[in-house]
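Everything on this sheet refers to the single structure shown next.
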Amino acid sequence: GFSADPHPGNVMVLEDGRLGLIDYGCSCSYNDQEVAVLADLYHHLHHNNRGGVVDAVKAMGFSSKRMDEDYMCTFATQLFDRNIVDGGLLSLNDFERQRGEKVRKIPRKYMLTCRVSLLLRGLG
């Protein structure tokens with residue numbers, strides 16, 4: 001499992017220099033298949049393999065109105081990796097309007113992973 005509440009108040013530096021994580025009240029665990037799909041997603045995001053990213057989010061159970069691959073890759077990158085539309089001239093909502101596309105299903109099982117990704121990016 002992992003903590004889904006990573007903020008500075010839940011991280012301690014121990015006397016020997018190791019990090020201590022506290023407060024696992026908001027946590028999640030994945031089975032081996034779910035871990036493999038997440039690993040595939042991050043591998044494909046790192047290597048900018050758009051087809052692999054789309055395949056991974058489909059395997060995770062994400063769906064959108066038209067399942068437009070460019071949109072799904074952009075959405076997954078924004079959610080799990082880095083900001084590629086927000087903060088510039090274009091927001092994710094604007095991007096969705098332009099594409100005529102919108103995510104219809106974010107699987108409950110992966111919501112905490114999305115939350116952690118966005119939280120850690122905000123802390124960085």
HN-Hα couplings for the range 109-115 via Karplus (6.51, -1.76, 1.60; θ = phi - 60°), in whole Hz with x for Gly/Pro, come out as 4, 9, 4, 5, 5, 4, 4
For Cys28, list long-range residues whose amide hydrogen, built 1.01 Å from N in the peptide plane, is under 5 Å from its own amide hydrogen.
Phe2, Ala4
Stretched out fully, how many nm does the piece from Lys65 to Ser29 gain, at 0.36 nm a residue minus the Cα gap?
10.1 nm
Amide H contacts of Val85 (H built 1.01 Å from N, under 5 Å, at least 5 apart or other chain)
none
Scan the range 1-98 for trypsin sites (Lys or Arg not before Pro) in coil per DSSP, keeping those whose Cβ has at most 14 other Cβ atoms within 10 Å, and list them by number.
Arg18, Lys65, Arg66, Arg82
Using amide H atoms built in the peptide plane, which far-off residues or other-chain residues are under 5 Å from Ser63 H to H?
Arg104, Lys105
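Which value, in Å to one decimal place, does the Kirkwood hydrodynamic radius take for the chain when every pair of different Cα atoms is included?
Roughly 15.8 Å, rounded to one decimal.
Where a number appears in this text, it was derived from the coordinates with a stated rule and is not lab data. Fair warning: this is a prediction, and the values are worked out from it, not measured in the lab. Neighbour counts are summed over all protein chains in view; Cβ atoms, including those assigned to glycine, are modelled from backbone coordinates with ideal geometry.
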